[in-house]
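The values are calculated or read from the model by the stated rules, or taken from the named source; none is laboratory data. As the structure is a prediction and not an experimental result, all values here were calculated from the model. Using ideal geometry, Cβ is built from the backbone for each residue, glycine included, and neighbour counts are taken over all protein chains shown.
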């Protein structure tokens with residue numbers, strides 16, 4: 001059996017992922033100034049409810065004994081998020097948001113509860129971040145004169161090309 005290149009302790013099957021490849025487990029990283037500048041809404045950990053369940057799918061003998069998957073539940077209406085963020089979250093057409101306004105996320109990608117918990121929290125944060133900043137109001141504008149002329153010229157050229165393909169088409173018009 002060959003040793004893997006990143007495994008300096010001469011153990012087999014340690015994998016190539018170093019410590020920087022895995023997400024932080026247990027605690028949350030302090031948000032950077034750049035993320036706060038973009039209107040990142042912070043979640044209160046006390047408002048998030050976790051429950052451990054058994055993961056679905058293949059996994060051998062261990063899958064029936066260990067509850068490593070995580071169900072995350074987050075009640076939008078009862079949260080401490082700003083009202084405008086709550087309204088935009090509730091208006092989302094997302095299958096993870098129930099009619100009662102509860103976000104339900106199931107995480108079972110990893111083999112350990114803490115990693116699944118971190119993955120579920122990251123997905124919830126991504127969902128909240130997607131609506132944290134108010135959308136920019138669109139100002140209706142008109143196409144310029146030059147843009148209209150270019151569009152009509154392109155239509156004329158396309159029309160001539162299509163007319164020339166047919167039998168007996170008069171190109172001189």
Go through the residues of region 115-135 one by one and say whether even a single one is at pLDDT 95 or above, assigned to a helix (DSSP H, G or I) and surrounded by fewer than 11 Cβ atoms within 10 Å (Cβ to Cβ).
no
Within region 88-105, track down each residue that is in contact (Cβ under 8 Å) with a residue 40 or more places away in the chain and touching a strand residue (DSSP E or B) at 6+ places or on another chain (Cβ under 8 Å).
89
With respect to residue 85, is the statement that it is outside any helix (DSSP H, G or I) and either touching a strand residue (DSSP E or B) at 6+ places or on another chain (Cβ under 7 Å) or surrounded by 14 or more Cβ atoms within 10 Å (Cβ to Cβ) (or both) true?
no
